[in-house]
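J.: Take a look at the following structure, please.
The values are calculated or read from the model by the stated rules, or taken from the named source; none is laboratory data. Values in this document were obtained by computation on a predicted structure and should not be read as measured data. Neighbour counts run over all protein chains shown; Cβ positions are idealised from the backbone, glycine included. Remember, those area values only see protein heavy atoms, side chains included, never the ligands or the DNA or RNA. Shrake-Rupley method; radii C 1.70, N 1.55, O 1.52, S 1.80 Å.
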Amino acid sequence: MLARVGSHVRDHFVGYVALLFLALGGTAGYATVPGCSGPCVDSTDIINGQVMTVDLATGAVNSTKLLDNGVFSVDIADSSVNTIDIANSAITNPKLANNAVTSAKILDGTITQADLAPGVGGATGPTGATGATGATGATGATGPTGATGATGPTGPTGTNGTNGTNGTNGTNGATGPTGPTGPTGATGATGATGATGATGATGPTGPSGPTGATGATGATGATGATGVNGTTGPTGPTGPTGPTGATGPTGPTGANGTNGTNGTNGTNGAAGPTGPTGPTGFAGAVKGTSPIATSQTTTTTTYTNLTTVGPEATVTVPASGKVLVTLTAYLKTSGTAATDAAYMGVSTNGLCPGTTGSGNFAASDTTALSREHGSSSDTGAVQASATYLLTGLSVASHTFRACYRTTSGTGTFRDRNIIVIPAP
């Protein structure tokens, strides 16, 4: 409390001194202050350093009350000097710290050529001539082959061929199987029952059951006084009967009676009906002239003979006008396109390529053994056979000859053979 009073007195010392003078009624201690009609206090009445912040009215200290150059940085609160507090053109170069002015502090479009140091921001020179075109880079590696496309839909079914002529009647079928066996005759009468065997002897009597164990002897009691004789006690119960002895063996079985006579066999059933006639089979196969093993070639794109003609086979076509032809060979082509192929066809009139008409057919790709090169880099050769049913042939003797061609490059053939089979 004393500390608070002391502080208050110090802060208001001048006021208390003035009040004391007024109370004493004195005037000699006051200075004459212009504009002051009564006793007034001037600077000489105030002890140096005794005017505090609280003694100053708000707005009482203005620019005229401040000593020139008397306000220092420490007297100004941080961030309290605003643009309005700075006179125009008051900020000169010495007032700016090095690197204090950044691009953000410069008004856009206000830097002129005169503001730039010599050699800075000169006019842009003319565009230099275009340089020579660089050498073409090496061709990149070929990308991987794309995946094989999906298999196309199956083509439409071809029209049915004309019906062949009816085959000749087949030979009579084999005799039908034997009819089933007749029913079994009646069973003969049962023979008389044999005599009953004698009864076996009675088995021996089983042994007696074991005697029960004797109970332990009780301790001898003290001898009592001799009593009167008691009456005789009842007879004890009969012991249990021993187990029955084992059964004796069974007597021998009596002799079997004689068997009755067998019944007579039933009569045979009637013969079954004859089965239908089977279809006419193929006639024997006709093999062509000896297989030709020699490797021979052609570059002809139409069917022709090789150096060694054939092979060929001569066959009489039956009334059906049909034959089965099988072509066999080792063949390949040197063509490189995927569709390049070598063909081994067949002519029905002993010529190559032969003629079509009057019941004959020329060699054709549709009835040929072929080998395409395919899409791989080297498909290679193949040893293969192809079989076709030729129809519409004239009923006569025909010479079936193998003919050859290639679509491109060289066609090579060896181990050639032909087989012809008349068909019903």
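J.: What pairs come out if I take residues in the stretch 379-398 that are farther than 12 Å from Leu324 by Cβ and pair them with residues that are among the polar types (S, T, N, Q) and not in a strand (DSSP E or B) whose C-beta lies under 8 Å away, six or more apart or interchain?
T.: Gly392/Thr162; Ser394/Ser358; His398/Thr348
J.: Next question, about the same structure. Of the conditions (1) in contact with a helix residue (DSSP H, G or I) (Cβ under 7 Å, 6 or more places away or on another chain); (2) at pLDDT 75 or above, Ser73 fails just one. Which one is it?
T.: Tallying (1) in contact with a helix residue (DSSP H, G or I) (Cβ under 7 Å, 6 or more places away or on another chain); (2) at pLDDT 75 or above, Ser73 fails exactly one: (1).
J.: OK, next. Quick test of your reading of the structure: Thr258 fulfils all but one of (1) open to solvent by less than 30 Å² (accessible area, probe 1.4 Å); (2) at pLDDT below 85; (3) of a type in the set (S, T, N, Q). Name the failing condition by number.
T.: Condition (1) is where Thr258 drops out.
J.: Now for a different question. Where the second residue is at pLDDT 80 or above and the first is open to solvent by less than 100 Å² (accessible area, probe 1.4 Å) and lies in the stretch 69-91, which pairs have Cβ atoms under 9 Å and are six or more apart or on separate chains?
T.: If the second residue must be at pLDDT 80 or above, no pairs are left.
J.: Return the total of residues in the stretch 311-348 being crowded, with 18+ Cβ neighbours inside 10 Å, under 27 Å from Ala293 (Cβ atoms) and polar (S, T, N, Q).
T.: Counting residues in the stretch 311-348 that are crowded, with 18+ Cβ neighbours inside 10 Å, under 27 Å from Ala293 (Cβ atoms) and polar (S, T, N, Q) gives 5.
J.: Quick one: is Phe400 farther than 15 Å from Ile418 by Cα and out of contact with any Pro (no Cβ under 8 Å at 6 or more places or on another chain)?
T.: In short, no.
J.: Can we say Gly125 is small (Gly, Ala, Ser), farther than 30 Å from Thr391 by Cα, at pLDDT below 65 and open to solvent by less than 90 Å² (accessible area, probe 1.4 Å)?
T.: In short, yes.
J.: Which residues, counting only those in the stretch 51-64, are open to solvent by 100 Å² or more (accessible area, probe 1.4 Å) and at pLDDT 80 or above?
T.: Thr58 - this is the single residue of the stretch 51-64 that is open to solvent by 100 Å² or more (accessible area, probe 1.4 Å) and at pLDDT 80 or above.
J.: Inside the stretch 100-110, can you point out the residues that are open to solvent by 80 Å² or more (accessible area, probe 1.4 Å), modelled with pLDDT under 80 and in a loop (DSSP other than H, G, I, E, B)?
T.: Val101, Gly109
J.: Looking only at the stretch 279-302, decide whether some residue is part of a loop (DSSP other than H, G, I, E, B), modelled with pLDDT of 80 or more, surrounded by 10 or more Cβ atoms within 10 Å (Cβ to Cβ) and among the aromatic types (Phe, Trp, Tyr).
T.: no
J.: Given the condition exposed (fewer than 10 other Cβ atoms within 10 Å of the Cβ) and at pLDDT 75 or above, answer yes or no: does some residue in the stretch 22-35 qualify? So that I can check it myself, show each step before the final result.
T.: The first filter runs over the stretch 22-35 and keeps only residues exposed (fewer than 10 other Cβ atoms within 10 Å of the Cβ), leaving 23-25, 28, 32, 34-35.
Then drop every residue that is not at pLDDT 75 or above, which leaves none.
Checked against the condition, which is being exposed (fewer than 10 other Cβ atoms within 10 Å of the Cβ) and at pLDDT 75 or above, the stretch 22-35 yields no hits at all.
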